[in-house]
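Asker: Here you go, one structure.
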Amino acid sequence: MIYEVSTLAIVIFLFFVVTVIGLSLYFGNKTKSASSYYAAGGKIHWAVNGIAFAGDYLSAASFLGICGMIAFYGYDGFVYSIGFLAGWMVALFIVAEPMKRMGKYTFADALDSKFNSRAIKLTAAISTLVVSVFYLIPQMVGAGAIMLPLLGFPHWVGVTLVGAIVIIIVATAGMTSTTYVQFIKGGLLIIFSTVIAFYIFQNGLNLKPTKDYHDFITLNAQVAEGNITAVEDDSYTIESQHNFENVVLVKLSKDGIPTWWKLNIKDDKASLEEALAITITADGAHLYNGEVQAAGRFYQVGHFNKIIIDGKEVESTGPVGAMEFLKLVEDSEIVRFSKKIIFDKNEKITVFYQNITLGKDIMKPGLYYKLDKGATAWSKIDFISLMLALFLGTAALPHILIRYYTVPDQRSARRSTILAIAAIGFFYVLTLFIGTGAMVGGGLDVESSNMSAPLLAKTFGIVLFSIVSALAFATILGTVSGLIVASAGAVAHDLMDNYFKIEMSDHAKVKAGKITSVVVGIIAIILGIIFKDQNVSFLVGLAFAIAASANLPAIIMILFWKKTTAKGISWAIVVGMVSSLGLILLSPTMYEIYGLPAKSAPIPLQNPGIITIPLGFLVLYLVSLFTYVKRSKTDKDTVSVIAE
Amino acid sequence: MLHGPAAELKEDKSIVRKTRLGLWLFFIYLAIYAGFVIIATFFPSMMGAEVLGGQNLAVVYGMTLIVLALVMGLIYNFFCNKYEQQMNEEDAS
């Protein structure tokens, strides 16, 4: 059985929750002013802020999503690591210092600092909310998804629990408690990822990854005209055969329990290779390898077919160095598990069959993204579009930008960004080892790629598994807190205070922020329950695309183009946001979600950035040009940093 | 409505030089990042070629992009500190 509820995991989780809530209540007593609520009083030390950046940024998508994607598709998952980190170069070199100089609590303040335009306040606040909510959904879905296997609670309990804890963190002390929660989480994440990597190198490469690893059976078979006629072990009965373009799957049964196999024919000899299968029966029951989940017939997988050192096959290597590990994986052959869905007699069966893949194909891009074999112009454009959105998205994420207001000055903003790059970069390097380690070390649950990092930790012992599982929750808590502070700032500060000009005392502003946090927290819980079955990393990618399309043109142009006008900024935000959302809703993935064929989508792009980011810049340019000419004599407020 | 930073900032005379340096470093990094994306997209087979210490181009290029981000960040910080010290102190004296 893959998942067993671990008491130790629950104890560590509770300890973390109590610490976090205690910390929040402690800071809550000290948080009286708006400045301390929204920006931690601008008094956070740069080193704390740097690690808090890492805690804010390394969300469930990074820890669970990227490691899982590498474990399933190799290098293609690592491409996310590269793009997510590269985005920090935009943040450091272009955005960090001006944001600190121009803003007060929110990024809308910075955009509006020279204009005092109601349109900017409104559009920037809405864009902050849209991006933050898009980012919140996958975090909450992730919280529910890991709660079930790890602690045994249903999805909605996981979502509600995370939501409730985050509401306490944010509603008590706002940015101060959020910062320290993110600092602790960022630090722990990096320490324990290093520990996992250490175990990987220490264990080396082994044909049998763990002592209790499942022995995959191969049966000899007889075939006539491509159809299976007999199996060597006569305790099996042949039930059915399903031919696909690239694979033939066979259903056998033994003692009344159905099992699934992949038919291989080589040099006129036929054999059956054991596969894993999940069956949904006509009455909705889920069977794992033919039996109910509690029977424990499902197991973790991921192993080598051959380990090759200097051209020779070996069974195990003993401890290896980091770069040696990657080299050996590249030279060897790995068993991945590919998926086929079969409808048979009112049952839906998902079969996961062994797919031997060369290490050299795993250690370069192409298994997930179609760039080489079977590539089309659209698949290449899609890849470029994703890389563009990752690069330009980071510096446009409101919950990241607000961290610049928690430090005292520009120098601290710069230093904390560099520390963040060091911490986040180090973590992203580790993702390649953790992901590949899970792929070859029996760390895969074929049903859910998100669980690869905790399951790899499980192969190293229950203590590490418990810590890593609790850490997965902490990861979500840290990021969700940041997102809710950003949303609260957008509603209470940008909209209520600045846009609607509601007269509020400093105390009332804090109260407004706290109430907003509770409301946004509840909305997040509801969305997390509604979007239960959505793919986590897909949604995060979309949040990046929307942020890059709506916010980045405004941020860049206000800094570097003198003729930027308030109308240009607000129109660019609206067009960038609407166009990126629109393209996402018309994308092939969304069509599949609607139950329509993916090929019928009007634009075969999954990632809208390549169209909508330039569109945002173009709109800002054209609208500014038009409105600037008319207002140029009176509007002296359009400035650029260069001009200063 | 009052804007401006949450904490009071001292006047900084080195903004223009820091911004210029930031732009230069940004475009250098962008070019190297674009190189990665172009090779992966249009010359995917090159990514499998062995280039350094038995590692292929994909691993070496990817790791380089991550390490380079930190190295360039430190270079940027070094010069920014220098500009801030020189220009703000000169002015004060």
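The values are calculated or read from the model by the stated rules, or taken from the named source; none is laboratory data. Please read these numbers as outputs of a predicted model, since none were measured by experiment. Every residue, glycine as well, gets a Cβ built from its backbone with ideal geometry; the counts of neighbours run over all protein chains shown. The protein model used for the area step is the full one, side chains on, heavy atoms only, and it has no ligands, DNA or RNA in it. Shrake-Rupley method; radii C 1.70, N 1.55, O 1.52, S 1.80 Å.
Asker: From the residues in the range A:371-386 that are open to solvent by less than 50 Å² (accessible area, probe 1.4 Å) and at pLDDT below 85, which one is nearest to the other protein chains (Cβ to nearest Cβ)?
Answerer: Ranking the candidates gives A:L371 first.
Asker: A further question on this structure: Output the residues belonging to the range B:36-49 that are open to solvent by 10 Å² or more (accessible area, probe 1.4 Å) and among the small types (G, A, S).
Answerer: Passing the criteria: B:S45, B:G48, B:A49.
Asker: State yes or no: is A:S113 within 12 Å of chain B (Cβ to nearest Cβ), surrounded by fewer than 20 Cβ atoms within 10 Å (Cβ to Cβ) and among the hydroxyl-bearing types (S, T, Y)?
Answerer: Working: within 12 Å of chain B (Cβ to nearest Cβ): yes; surrounded by fewer than 20 Cβ atoms within 10 Å (Cβ to Cβ): no; among the hydroxyl-bearing types (S, T, Y): yes.
In short, no.
Asker: Considering only residues of the range A:111-170 that are of a type in the set (G, A, S) and not in a helix (DSSP H, G or I), which is modelled with the highest pLDDT?
Answerer: Taking the range A:111-170 and keeping what is of a type in the set (G, A, S), we get A:113, A:117, A:119, A:124-125, A:127, A:132, A:142-145, A:152, A:158, A:163-164.
Now restrict to residues that are not in a helix (DSSP H, G or I): A:113, A:117, A:152.
Details: A:S113: 81, A:S117: 84, A:G152: 71.
Ranking the candidates gives A:S117 first.
Asker: Let me ask another. Out of all the residues in the range A:454-470, which are in a helix (DSSP H, G or I) and out of contact with any Leu (no Cβ under 6 Å at 6 or more places or on another chain)? Don't jump to the end; show me each part of the working.
Answerer: Within the range A:454-470, the subset in a helix (DSSP H, G or I) is A:454-459, A:462-470.
Listed by number, the residues that qualify are A:P454, A:L455, A:L456, A:K458, A:T459, A:I462, A:V463, A:L464, A:F465, A:I467, A:V468, A:A470.
Asker: Sticking with this one: Name the strands (runs of 3 or more DSSP E) wholly inside the range A:304-370 in which the number of residues that are farther than 25 Å from A:W261 by Cβ, among the hydrophobic types (A, V, I, L, M, F, W, C) and more than 12 Å from chain B (Cβ to nearest Cβ) is 1 or more.
Answerer: Numbers: elements: A:312-314, A:333-344, A:347-358.
Filter on the range A:304-370 gives A:312-314.
Asker: Another one. When the residues of the range B:50-66 are narrowed to those that are under 18 Å from the mean Cα position of the chain (by Cα) and more than 7 Å from every other protein chain (Cβ to nearest Cβ), which ends up surrounded by the most Cβ atoms within 10 Å (Cβ to Cβ)? Quick ask: steps written out before the conclusion?
Answerer: Filtering the range B:50-66 for residues under 18 Å from the mean Cα position of the chain (by Cα) gives B:61-66.
This time we only want the ones that are more than 7 Å from every other protein chain (Cβ to nearest Cβ), so: B:61, B:64.
Details: B:Y61: 21, B:T64: 15.
Per the stated criteria, the residue is B:Y61.
Asker: What is the residue count in the range A:574-616 for residues that are assigned to a loop (DSSP other than H, G, I, E, B), more than 20 Å from A:V540 (Cα to Cα) and open to solvent by 60 Å² or more (accessible area, probe 1.4 Å)? Walk me through it before giving the result.
Answerer: Narrowing the range A:574-616 to residues assigned to a loop (DSSP other than H, G, I, E, B): A:586-587, A:595-597, A:601-608.
Subset that is more than 20 Å from A:V540 (Cα to Cα): A:595-597, A:601-603.
Now restrict to residues that are open to solvent by 60 Å² or more (accessible area, probe 1.4 Å): A:595-597, A:602.
Residues meeting the conditions: 4.
Asker: Is it true that A:S81 is of a type in the set (S, T, N, Q), buried (at least 24 other Cβ atoms within 10 Å of the Cβ) and either under 30 Å from A:V510 (Cα atoms) or facing another protein chain (nearest Cβ under 10 Å) (or both)?
Answerer: Numbers: of a type in the set (S, T, N, Q): yes; buried (at least 24 other Cβ atoms within 10 Å of the Cβ): yes; either under 30 Å from A:V510 (Cα atoms) or facing another protein chain (nearest Cβ under 10 Å) (or both): yes.
Spelling it out, A:S81 is indeed of a type in the set (S, T, N, Q), buried (at least 24 other Cβ atoms within 10 Å of the Cβ) and either under 30 Å from A:V510 (Cα atoms) or facing another protein chain (nearest Cβ under 10 Å) (or both).
Asker: For the range A:61-78, give me the residue count where each residue is more than 13 Å from chain B (Cβ to nearest Cβ), within 20 Å of A:Q139 (Cβ to Cβ) and touching a Phe, Trp or Tyr at 6+ places or on another chain (Cβ under 9 Å).
Answerer: 5
Asker: Here's a follow-up. List every residue pair whose Cβ atoms sit under 7 Å apart, with the two residues 6 or more apart in sequence or on different chains, where the first one lies in the range A:456-479 and is closer than 23 Å to A:F72 by Cβ and the second, anywhere, is open to solvent by 20 Å² or more (accessible area, probe 1.4 Å) and not small (G, A, S).
Answerer: A:T459/A:P209; A:T459/A:T210; A:F460/A:Y199; A:L464/A:V195; A:F465/A:K458; A:V468/A:F192; A:L471/A:L188; A:L471/A:F192
Asker: Let me ask you something else. Exactly one condition in (1) open to solvent by less than 10 Å² (accessible area, probe 1.4 Å); (2) modelled with pLDDT under 85 is false for A:D445; which is it?
Answerer: (2)
Asker: Output the number of residues of the range A:398-426 satisfying the condition of being assigned to a loop (DSSP other than H, G, I, E, B) and more than 7 Å from chain B (Cβ to nearest Cβ). It would help to see each step written out before you state the result.
Answerer: If we filter the range A:398-426 for residues that are assigned to a loop (DSSP other than H, G, I, E, B), which is where we start, we get A:406-409.
Subset that is more than 7 Å from chain B (Cβ to nearest Cβ): A:406-407.
Residues meeting the conditions: 2.
Asker: If I go through the range A:225-242 residue by residue, how many of them are in contact (Cβ under 8 Å) with a residue 12 or more places away in the chain, in a strand (DSSP E or B) and surrounded by fewer than 12 Cβ atoms within 10 Å (Cβ to Cβ)? So that I can check it myself, show each step before the final result.
Answerer: The initial filter retains those residues of the range A:225-242 that are in contact (Cβ under 8 Å) with a residue 12 or more places away in the chain, namely A:226-228, A:231-233, A:235-242.
Narrowing the set further to residues that are in a strand (DSSP E or B) leaves A:227-228, A:231, A:237-242.
With the extra rule that they be surrounded by fewer than 12 Cβ atoms within 10 Å (Cβ to Cβ), the set shrinks to none.
Selection size over the range A:225-242: 0.
Asker: For A:I546, only one of the following conditions fails: (1) within 16 Å of A:I137 (Cα to Cα); (2) assigned to a loop (DSSP other than H, G, I, E, B); (3) touching a Ser or Thr at 6+ places or on another chain (Cβ under 8 Å). What is its number?
Answerer: Tallying (1) within 16 Å of A:I137 (Cα to Cα); (2) assigned to a loop (DSSP other than H, G, I, E, B); (3) touching a Ser or Thr at 6+ places or on another chain (Cβ under 8 Å), A:I546 fails exactly one: (2).
Residue-by-condition table, conditions (1) open to solvent by 20 Å² or more (accessible area, probe 1.4 Å); (2) at pLDDT below 80; (3) outside any helix (DSSP H, G or I):
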| position | (1), (2), (3) |
| --- | --- |
| A:D494 | no, yes, no |
| A:M504 | yes, yes, yes |
| A:K509 | yes, no, no |
| A:G513 | no, no, no |
| A:V518 | yes, no, no |
| A:I522 | yes, no, no |
| A:I525 | yes, no, no |
| A:I529 | yes, no, no |
| A:K532 | yes, yes, yes |
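Asker: I want to confirm something. Restricting to the range B:10-35 and keeping residues that are facing chain A (nearest Cβ under 7 Å) and closer than 19 Å to A:A389 by Cβ, which single residue is surrounded by the most Cβ atoms within 10 Å (Cβ to Cβ)?
Answerer: Selected residue: B:Y33.
Asker: Would you please name the residue that is farthest from the chain's Cα centre (by Cα), looking only at residues in the range A:256-288 that are outside any strand (DSSP E or B) and more than 17 Å from A:L219 (Cα to Cα)? Steps first, answer last, please.
Answerer: Here is the first cut: in the range A:256-288, the residues outside any strand (DSSP E or B) are A:256, A:267-268, A:275, A:281-285.
Next cut, more than 17 Å from A:L219 (Cα to Cα) only: A:256, A:281-285.
On the way: A:G256: 41, A:T281: 32, A:A282: 34, A:D283: 34, A:G284: 30, A:A285: 30 Å.
The residue in question is A:G256.
Asker: While we're on this one: Hey, can you tell me all the residues within the range A:84-106 that are at pLDDT below 90 and either more than 7 Å from chain B (Cβ to nearest Cβ) or touching a His at 6+ places or on another chain (Cβ under 9 Å) (or both)?
Answerer: Those that are at pLDDT below 90 and either more than 7 Å from chain B (Cβ to nearest Cβ) or touching a His at 6+ places or on another chain (Cβ under 9 Å) (or both): A:A91, A:V95, A:A96, A:P98, A:M99, A:M102, A:G103, A:K104, A:Y105, A:T106.
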